[in-house]
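Report on the structure given below.
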Amino acid sequence: MLINVRLFALLKDRAGADHFSLDLPEKSTIAHAIEQLRHRLPALADHLNHIAFALNRSYTQSNTPLQDGDELALIPPVSGG
Amino acid sequence: MSDDWIDILPTALPTSQAIDFVSDSRAGGIALFLGTTRSEKNAQGHDLRSLEYEAYLEMALPQLQTRAQAARSQCPIVKQVILHRTGRVEFSQPSVLIAVASPHRHEAFAACRFIIDAIKADVAIWKKEIWSDGSGTWVQPNVAT
C-alpha cells in the first residue's frame, strides 16, 4: 500500500522535502512506517524519537494501523503563538 | 454570520478589524491578546531578526476551531477571534491575535488565556528564529538538545 508522508519545520528542512510516498506491506502500523523512514532518510533519524503523529489530520499513536492512501504527518514539537 | 472568526493568515493580522468584529452590545468587556516578536540573542551572540511561522493548515485550522468551541464551553463568550500568522513576522508585529468579547471582563481575560495556552499546547504550527547571520533555528520546546 502507498501512504503519503507529510513533513514540517525541522523535519522538512532536514529531509529537503515536505512530502513523499512510502510503499508499505499490508497491515503496517505507523511504527513500521517510521522504521522504514529511518533507513530511507537517515538525516531524520535523530529526530524521530521526539515527534507526534497525525493520521489523516488527527493525532494518534504509533501502533495505529495504516491503510492505502492514508496521510501520515510527522509532527515535531509545536511552537505556535 | 458566525460569532467566531478563526483563520491562519500569511499577511499582517488585522487588529482593528478583529476588535470591530467582536464589538457587541451583549458584551461588557473585550480582551485582546497579541503575541508579538521580541528581541533576543542566541548563544553565538547573534541578534534575532524575525520569526518565521509554518502551519499544517489542513490540521491547524480545524484545531483552532475546536479550541474556540472549547473556550465557549469554559467561558460565556459573545464573540471571539483567533488569528495566527504564517510566514515571516518582523519585530513587534503580532504572530497571534485573540480577541474575546464576554458579558464580564474576567470571563474575557480567562478565555484569552485559555485559548493561547491551548494553541501553545498542541496546534500544528511551528516557529523558526531567523538570526542576524542568516541562520535559522526551529524552536523546539521541551526537547532536550
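Rule-based calculations on the coordinates, nothing more; no lab input. Because the structure is a prediction, the values reported are computed rather than measured. Cβ placement follows ideal geometry from the backbone for every residue including glycine, while neighbour counts extend to all protein chains displayed.
Remarks
- Lys, Arg +1 and Asp, Glu -1 on Cβ, resulting dipole of the protein assembly as shown about Cα centre, debye, nearest 20: 460 debye
- Cα-Cα P(r), segment B:27-107, percent of pairs per 5 Å interval: 3, 13, 19, 18, 16, 13, 10, 5, 2, 1
- The HN-Hα couplings worked out from phi for segment B:86-103 by the Karplus form 6.51 cos²θ - 1.76 cosθ + 1.60 (θ = phi - 60°) are 10, x, 7, 10, 7, 3, 6, 7, x, 9, 9, 9, 10, 10, 10, 9, 9, x Hz, whole numbers, x standing for Gly and Pro.
- Stokes-Einstein translational diffusion, the protein assembly as shown - Kirkwood Rh over all Cα pairs, 1.002 mPa s, 20 °C, in µm²/s: 113 µm²/s
- Lysine pair count for the protein assembly as shown (Cα-Cα distance under 15 Å; residues 8 or more apart in sequence or on different chains): 4.
- C-alpha center-to-center spacing [segment A:22-81, segment B:78-124] in angstrom: 30 Å
- Shown in residue order for segment A:73-81 are the 3J(HN,Hα) couplings computed by the Karplus curve 6.51 cos²θ - 1.76 cosθ + 1.60 at θ = phi - 60°: 9, 8, 10, x, x, 6, 8, x, x Hz (x for Gly and Pro).
- Two-decimal ratio, segment A:2-75, of alpha-carbon radius of gyration to 2.2 N^0.38 Å: 0.97
- Taken along the Cα-to-beta-carbon direction at a fixed 7 Å, the label points for residue B:137 and residue B:9 span 3.0 nm.
- Net charge contributed by nearby residues that have their C-beta within less than 15 Å of residue B:123 (K/R +1, D/E -1): 0
- Hydrodynamic estimate: the Kirkwood radius of segment B:61-109 over Cα pairs, inserted into Stokes-Einstein at 37 °C and 0.692 mPa s, corresponds to D of 273 µm²/s.
- Hydrodynamic radius of segment B:4-138 per Kirkwood, over alpha carbon pairs, in Å: 15.4 Å
- Residue order, fewest to most surrounding Cβ atoms within 10 angstrom, among B:84, B:104: B:104, B:84
- Distance in nm between pseudo-label sites at residue A:23 and residue B:57 (7 Å out along the Cβ direction from Cα): 3.2 nm
- Net length gained if the chain between residue A:40 and residue A:4 were fully extended (0.36 nm per residue, minus Cα distance): 11.5 nm
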